[in-house]
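See below for the structure under consideration.
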Amino acid sequence: MSNVNRLAVIGAGGHAKVVVSTARAAGWVISGLYDDNETLWGADVLGAPVKGPVAQAEVDRVPAAVIAIGSNQTRALLAEKLMLPWVTVVHPSAVLSDKVVLGRGTVVFAGVMVQPCTVIGDHVILNTGSTIDHDCNLGSYSHIAPGVNLAGGVSVGSGTFLGIGAAVIPEISIGSHVVVGAGAVVVKDLPDRVTAVGVPAKVVRSHV
């Protein structure tokens, strides 16, 4: 079979199901999945085979690859470790302005909307139904959970996670490696490496 539109998926857990479904909707053929959990080897995800550990993807010289792991830290470690041809995957129902910049390895799920002049880094997850308004900047390895709404001019640092249904008002800056709780409303800037929850969002802890 031709390598055209053949995609390897790194990770074979629950998040991988959505990535596989999204990639197929976008026209990719899933050549296989790779995961270091050996209990998954020989199984399948939505009919696509789990072929072995993640290092096997390099041995197999896959023509295109994407990481299907929700953990920002793990995604960053694998992206920096594996020398693979990372590609961006966008569900056909997503609506993206032609003035949006998408980094490599980023996955955009169903129902996402991204408005003009937004820049999105590498290996970012824009999860189901999230909205990103104009002039936003999302750092690499960030994860925007389902139903998150970012107003215009919002900056999100690398490795930051915004929980399901969170909202951010205009011109807010959120630091790197931040966790924003589900349903939180961010109305003030947040520094690096904190967890913020509530309405309005308040910092409840710092972390390394």
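Read the figures in this text as sums done on the coordinates, not as results from a lab. Predicted, not measured: the structure shown is a model, and the values here were computed from it. Glycine gets a Cβ as well: all are built from the backbone with ideal geometry, and neighbour counts include every protein chain shown.
Tell me the trypsin sites (Lys or Arg not before Pro) within segment 49-152 that lie in a loop according to DSSP and have at most 10 other beta-carbon atoms within 10 Å. Write out the running numbers ahead of the final one.
Values: sites: 51, 61, 75, 81, 99, 104; in loops: 61, 99, 104.
Those satisfying the criteria are 61.
When each of 134, 123, 207 is scored by the number of other beta-carbon atoms lying within 10 Å, the sequence from fewest to most is 207, 134, 123.
Ranked by how many other Cβ atoms sit within 10 Å of their own Cβ, fewest first, the residues 36, 122, 189 fall in the order 189, 36, 122. GNM remark for the chain: springs join alpha carbons under 10 Å apart, and the peak mean-square fluctuation among 169, 30, 125 falls on 169.
Residues 82, 7, 102 in ascending order of nearby Cβ atoms (within 10 Å, fewest first): 82, 102, 7. Of all aspartates and glutamates in the structure, the ones whose alpha carbon falls short of 17 Å from that of residue 81, not counting any fewer than 8 places away in one chain, are 35, 36, 58, 60, 122.
Annotation: aspartates and glutamates with alpha-carbon distance below 15 angstrom to residue 202 (same-chain offsets under eight excluded): 189, 192.
Near residue 188: Cβ cut-off under 13 Å, other residues only, Lys/Arg at +1 and Asp/Glu at -1. The net charge is -1. What aspartates and glutamates sit close enough to residue 188 to cross-link, taking a C-alpha to C-alpha distance under 14 Å and skipping anything fewer than 8 places away on the same chain? Within the straight-line limit of under 14 Å, residue 188 reaches these aspartates and glutamates: 171. Mind running the shape call on segment 6-81? Use the C-alpha gyration tensor, a ≥ b ≥ c as the square roots of the eigenvalues: rounded below 1.5 for a/c, prolate if a/b tops b/c, oblate otherwise. Judged from the Cα gyration tensor, segment 6-81 comes out rounded (a/c under 1.5).
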